[in-house]
Amino acid sequence: MVLYLMLVGAVVANAQEERSWEEAFYDVMSNDGYDSDESSGAAMWEEALEWLSAMADSPLDINCASREELEQLPFLSAAQIDDIEEYHYRYGKMKSMNELYMIKSLDAARIELMKCFLVVKDEDKQQALRIKDLLAHSRQQLTAYCRVPFYTRRGDRNGYLGYKYKHWVQYDLTADNRVRAGLVGAQDAGEPFLSNSNKAGYDFYSYYFQVKNIGRVENAVVGKYRISAGMGLVLSNAFGLGKLATLQSLGRGTSALRPHSSRSSADYFQGAAATVRMAEGLRATAFVSYRPFDATLNKDGEAQTLLTSGYHRTPTELSKKNNTHASAAGLRLAGRLQRLRVALNAVYTHFDRRLQPDTRAIYRRNYPQGNDFVNISADYSYHSRLLTVNGETAVDGHGALATINTGALRVSDVMQIMVLQRFYSYRYAALYARSLSETGRVQNESGVMGGLSWQPTPRLQLQAYSDYAYSAWPRYRVSQPGSHSSDNFVAATYSSGNWSLTARYRLHYKQQDNTEKTALNTVKEQRARVALTIKAGSALSSTTQGDVCLSKQQSESYGYALSQHIGLTRKWLSASASATYFNTDDTSTRIYVYERSPLYSFTFPSLSGQGLRYSLLARAALGRQLWVMLKMSVTNYFDRTKIGTGYQQTDGSSQTALELQCRWRIQ
C-alpha cells in the first residue's frame with residue numbers, strides 16, 4: 001500500500017528524471033568475479049558507488065579535467081586517457097560528449113558511462129569564482145535512509161541493545177567542484193540509538209571539509225578522509241574492484257585524496273591531508289591522523305585483533321568500541337616528466353596498545369606485531385601509445401619486500417594484452433595496504449597474471465585472464481606451506497541494436513586443509529553465467545540471466561539460479577522488478593546475483609539452498625527537489641524452517657524487508 005501511494009503521488013509530479021548511472025557502471029564492471037570476494041567485495045563496491053555518486057552529482061568538464069581527475073574513473077585505462085588527451089590536442093575542445101564515439105578505444109557502454117561523470121560546459125561558465133561567490137553556486141543535499149525488516153531475529157528479542165531498524169542520514173554541500181562539506185550519521189540494526197554509549201545519537205559519524213584548486217593547494221581535506229597511492233602496497237583505503245577491473249584499466253594505479261563520505265567505520269583516516277603543487281610536474285601530499293579502532297584485547301591489555309565490522313550491538317561488541325587508538329603520518333612526493341611518473345611514499349603509525357595477535361595459529365605468526373610501523377615505497381609508471389608500464393616496490397620497517405608490476409601492450413586500437421607480476425613476502429606487514437591478490441592480503445603471495453581485452457568487431461567484446469598464485473607460508477584454512485591456486489576467466493559480450501548477450505566462465509583451483517589438517521586437498525570451482533539484455537528504447541529494459549556453479553573437493557556439489565529483471569524509466573519514475581529462483585546443494589555453490597538498490601547501496605545477495613528471492617524498487621521525483629525511493633525485497637526458502645544462526649537466527653522460512661530513502665536537494 002505504501003508503495004502504491006508513492007507511485008500514485010509520483011504521477012502528478014512534473015519533474016525530469018535524473019540520469020541513473022548505476023546500471024551503466026554495472027554493465028561495464030559486472031564481469032569482475034565478485035563471487036570470490038564475499039562481504040569484502042560488497043564493501044568495495046559500496047565504496048565505489050559512494051565516490052562515483054559524488055562525481056555524478058558534480059560532473060567534471062571534459063575540456064578542463066586534468067589527467068589526474070580522469071584517472072579517478074576506475075573504468076578508464078591509461079591508453080584511453082591518452083586517446084582523450086590526443087583528441088583534445090588534435091581537434092581542440094569538444095562541442096559535444098558524442099565526439100567520444102570518434103575515439104576507437106572507447107566502446108559504446110563505456111562512453112555512455114562517461115557521460116554520467118563528464119560534461120561539456122559553456123565557455124562562459126568556466127570563469128574562476130571568488131570564494132565569497134562559491135555559496136551562490138552551491139548545491140546542498142540531504143539524504144535519509146531506513147531499512148525496516150518484517151521479521152525478528154533472535155538477538156532482537158534478547159541480546160541486541162537496540163532495535164532492528166537500520167538507518168542513516170547524510171548532509172552534503174558542494175560548490176563549483178572546489179568546496180565540499182558534509183556530515184554522515186549511521187546506525188546498524190541492533191545498535192543502541194540515543195541510549196547506552198550512543199547518547200549522541202548514531203553509532204558512527206563521519207564529517208569532512210574539502211577544498212580544491214585554491215592557489216598551490218590542489219586538494220585538502222579536514223575531518224575523515226581516504227588516501228590511495230600507487231598500486232596500494234603501502235597506502236590504499238580507497239576502493240579496488242578486482243582482477244577484471246585491473247585488466248580493463250591495464251593495471252593503472254590510482255592516487256587520490258577523498259573525503260570519507262560513506263557509512264563504513266573502517267578504512268579511513270581522521271585529521272588533515274593536503275596535496276600541494278610544488279613546481280611544474282612535482283606534487284607533495286602529506287597527512288596526519290589520529291583515530292580509534294575496535295579491538296579484541298588479550299588478558300594483558302594488548303590488542304589481539306583489530307576489528308573492521310563496525311558492529312556494536314551487544315555488550316561484548318560495545319566493550320570493544322574505540323578501545324585502541326593510532327596516530328599516523330605520511331608523505332608522498334610525485335614527479336612527472338613527460339611520459340614517466342615516479343613517486344616516493346612513506347607512512348608511519350603508532351598504536352597506544354601493542355598489537356599482539358594469537359600466534360598459536362601458525363598462519364598468524366607474521367601478522368603485524370608491535371606499537372610502531374613504517375612502510376616506504378616507490379611507485380612508477382611509463383605510458384606511450386603502444387606500451388604501458390606500472391609498478392610499485394615497498395619495504396616495511398623490518399626490511400620485508402613487496403612488489404607488483406604490470407606491463408600492457410596495445411596491439412591495436414581494439415586489442416590490449418596485459419601481464420601482471422606480484423611478490424608479497426610472507427613477512428611483509430602494511431596496515432593500510434590493499435592491492436590485487438588472491439587471498440585478500442598484501443602478504444604471503446607470489447603470482448603472475450595474464451589478460452587479454454579484444455574487440456574484434458564493434459559488436460563483439462572479448463575479455464580473458466589467467467592468474468596463478470603461490471603462498472610460501474601457511475594461511476587461513478591452509479596449514480601447509482607451499483599452497484597454490486589458479487584462477488581462469490573468459491567473457492564475451494555481443495551487442496546488436498537494442499539487445500546484448502553476455503556469456504562468462506570461470507575456473508578456479510585452490511588448496512585447502514583436509515578434515516584432519518594433515519594434507520591439502522584441491523578445490524575445483526566452476527562458475528558460468530549467460531545473460532540476455534533487451535532494451536525497448538530508453539524506457540524499458542529486460543535482463544534474463546542464468547548462473548551455474550559446480551564445486552568439487554572430496555565430494556561434488558552443484559547449484560544454479562535463474563533470474564529475471566525488468567526496468568522501466570519515465571520522466572517522473574524509475575522502477576525495476578527482479579526475481580531469482582535458486583537451488584544449490586550447499587554454501588560452497590552459493591550464487592551471487594546483482595540487485596538494484598537505493599542510492600549509495602549495493603546489493604549482491606548470497607543465495608544458497610532452495611528458494612525464491614524477488615524485489616521491487618521504485619524511484620520517483622516529487623517535485624524538482626525531492627526524490628523518494630522504495631524497495632521491497634522478499635527471500636523465501638523452500639528447504640528450511642530457520643534462517644541464520646546465533647543472534648542472527650530467524651524462526652521461519654521467509655524474510656521480507658522494506659527500504660525507504662528520501663533525498664532533498666537545493667541547487
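The values are calculated or read from the model by the stated rules, or taken from the named source; none is laboratory data. Quick caveat, the model's predicted, so the values are computed rather than measured. Here the Cβ is made from the backbone with ideal geometry for all residues, glycine too, and neighbour counts use every protein chain on show. We work out accessible area using only protein heavy atoms, side chains counted, and drop any ligands, DNA or RNA first. Shrake-Rupley method; radii C 1.70, N 1.55, O 1.52, S 1.80 Å.
Note on the range 493-507: residues that are within 17 Å of E525 (Cα to Cα) and either polar (S, T, N, Q) or open to solvent by 70 Å² or more (accessible area, probe 1.4 Å) (or both) amount to 1. Note on the range 508-521: residues that are open to solvent by 40 Å² or more (accessible area, probe 1.4 Å) and either at pLDDT 95 or above or among the basic types (K, R) (or both) total 3. Residues in the range 47-70 that are assigned to a loop (DSSP other than H, G, I, E, B) and open to solvent by less than 10 Å² (accessible area, probe 1.4 Å): I62 only. Taking the condition over 21 Å from Q421 (Cβ atoms), open to solvent by 50 Å² or more (accessible area, probe 1.4 Å) and in contact (Cβ under 8 Å) with a residue 40 or more places away in the chain, does Q480 pass? It is true that Q480 is over 21 Å from Q421 (Cβ atoms), open to solvent by 50 Å² or more (accessible area, probe 1.4 Å) and in contact (Cβ under 8 Å) with a residue 40 or more places away in the chain.
Looking at the range 141-190, which of its residues are out of contact with any Lys or Arg (no Cβ under 9 Å at 6 or more places or on another chain), under 30 Å from D61 (Cα atoms) and not acidic (D, E)? Outline the logic, then answer.
Residues of the range 141-190 that are out of contact with any Lys or Arg (no Cβ under 9 Å at 6 or more places or on another chain), as a first pass: 150, 154, 157-158, 163, 169, 171, 176, 181-183.
Remaining after also requiring under 30 Å from D61 (Cα atoms): 169, 171, 176, 181-183.
Correct list: V169, Y171, A181, G182, L183.
Summed over the range 283-292, residues that are among the aromatic types (F, W, Y) and in contact (Cβ under 8 Å) with a residue 60 or more places away in the chain total 1. Identify, please: which residue in the range 90-107 is hydrophobic (A, V, I, L, M, F, W, C) and part of a helix (DSSP H, G or I) and is, among those, least open to solvent (accessible area, probe 1.4 Å)? Once the filter is applied, the top-ranked residue is L100.
Restricting the range 381-430 to residues that are surrounded by fewer than 21 Cβ atoms within 10 Å (Cβ to Cβ) and among the hydroxyl-bearing types (S, T, Y), which is farthest from Q461 (Cα to Cα)?
Just the residues of the range 381-430 that are surrounded by fewer than 21 Cβ atoms within 10 Å (Cβ to Cβ), to begin with: 382, 384-387, 389, 393, 395, 397-401, 403, 405, 407, 409, 411-415, 417, 419, 421, 423, 426-427.
Subset that is among the hydroxyl-bearing types (S, T, Y): 382, 384, 393, 403, 412, 426.
Working: Y382: 27, S384: 24, T393: 33, T403: 31, S412: 14, Y426: 38 Å.
Filtering the range 381-430 for residues that are surrounded by fewer than 21 Cβ atoms within 10 Å (Cβ to Cβ) and among the hydroxyl-bearing types (S, T, Y), the one farthest from Q461 (Cα to Cα) comes out as Y426.
Summed over the range 233-261, the residues that are at pLDDT below 75 and more than 26 Å from L387 (Cα to Cα) give a count of 2. Return the residue satisfying two criteria in turn: it lies in the range 633-666 and is within 30 Å of A620 (Cβ to Cβ) and among the charged types (D, E, K, R), and of such residues it is most open to solvent (accessible area, probe 1.4 Å). Residue satisfying both the conditions and the ranking: R665. Applying the criterion of being in a loop (DSSP other than H, G, I, E, B) and among the hydroxyl-bearing types (S, T, Y) to the residues of the range 531-576, the residue that is least open to solvent (accessible area, probe 1.4 Å) is S555. Annotation note: of S485, S446, the sole residue that is assigned to a strand (DSSP E or B), open to solvent by less than 50 Å² (accessible area, probe 1.4 Å) and touching a residue at least 40 places away in the same chain (Cβ under 8 Å) is S485. A272 meets all of the listed conditions (1) of a type in the set (A, V, I, L, M); (2) crowded, with 19+ Cβ neighbours inside 10 Å; (3) within 24 Å of the chain's Cα centre (by Cα) but one, namely (2). Within the range 600-640, the set of residues being more than 24 Å from E50 (Cβ to Cβ), of a type in the set (S, T, Y) and either without any contact (Cβ under 8 Å) to a residue 12 or more places away in the chain or touching a Lys or Arg at 6+ places or on another chain (Cβ under 7 Å) (or both) comprises S608, T635. With respect to the conditions (1) modelled with pLDDT of 95 or more; (2) hydroxyl-bearing (S, T, Y); (3) farther than 23 Å from E445 by Cα, T388 lacks only one, and its number is (1).
Out of the range 589-632, which residues are among the charged types (D, E, K, R) and either modelled with pLDDT of 90 or more or not in a loop (DSSP other than H, G, I, E, B) (or both)? Once the filter is applied, which keeps residues that are among the charged types (D, E, K, R) and either modelled with pLDDT of 90 or more or not in a loop (DSSP other than H, G, I, E, B) (or both), the range 589-632 yields R590, E595, R613, R619, K631.
I404 meets the conditions (1) without any contact (Cβ under 8 Å) to a residue 40 or more places away in the chain; (2) in a strand (DSSP E or B); (3) within 21 Å of the chain's Cα centre (by Cα) in every case but one. The failed one is (1).
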